[in-house]
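Structure, as structure tokens:
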Amino acid sequence: MVKAVISTRGRYALRVMIDLAEHAGGYTPMKEVAARQGISLKYLEQIMPALSKNGLVEGIHGKGGGYRLTRSPEEYTAGEILRVTEGDLAPVACLACGAEPCGRAENCKTIALWRGYQELTDEYFDGVTLASLVGDGK
């Protein structure tokens, strides 16, 4: 069995944010995003509260309602979006934000490996803006 590093939740959140950036100008109903992206509306309804609570989007209910970005696409990074939906991008539990200090850290032969991996991951995802994903997907 293959275990993905980024979950479906994180991947779908990126797709939603890209879609909202592509259809900016007003509030976009989630049923439209769901149809365009081929994502279950129920699944999107589970993702949107986290994006809203963390200030990435704002929403209104009722006629003409939906969601929109709170900032310009250039001001979002893939790293920010993934951290909101994934919680943490740490490769191992001992490096996760708020983790209890590991009793083996002082003598751990692999901690430098994991820290390096985390730095590369953070640097990469924090260097990709939503605008760049809208533009050409790179």
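The values are calculated or read from the model by the stated rules, or taken from the named source; none is laboratory data. The structure displayed is predicted, hence computed values, not measured ones. Here the Cβ positions follow ideal geometry from the backbone for every residue, glycine too, while neighbour counts run over all protein chains shown. Keep in mind that these areas ignore ligands, DNA and RNA; they rest on the heavy atoms of the full protein, side chains included. Shrake-Rupley method; radii C 1.70, N 1.55, O 1.52, S 1.80 Å.
Tabulated values for the structure
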item: Sulfur and carbon atoms: percent of accessible area, the chain [1.4 Å]; result: 54 percent
item: nm² value of the averaged projected area, convex hull over the Cα atoms of segment 1-127; result: 9.6 nm²
item: For the chain, built as a Gaussian network whose Cα springs stay under 10 Å, the top-fluctuating residue of Arg36, Arg83, Arg11; result: Arg36
item: Mean Cβ neighbour count within 10 Å, used as a protection proxy, ranking 68-76, 105-113 highest first; result: 68-76, 105-113
item: Gap separating the Cα centres of segment 3-27 and segment 71-138, nearest whole Å; result: 17 Å
item: Magnitude of the charge dipole, the chain, Cβ model with Lys/Arg +1 and Asp/Glu -1, debye to 20; result: 520 debye
item: Heavy atoms of Met30: accessible area, 1.4 Å probe, square angstrom to 10; result: 20 Å²
item: Accessible area of segment 41-85 divided out per residue, in Å², using a probe of 1.4 angstrom; result: 55 Å²
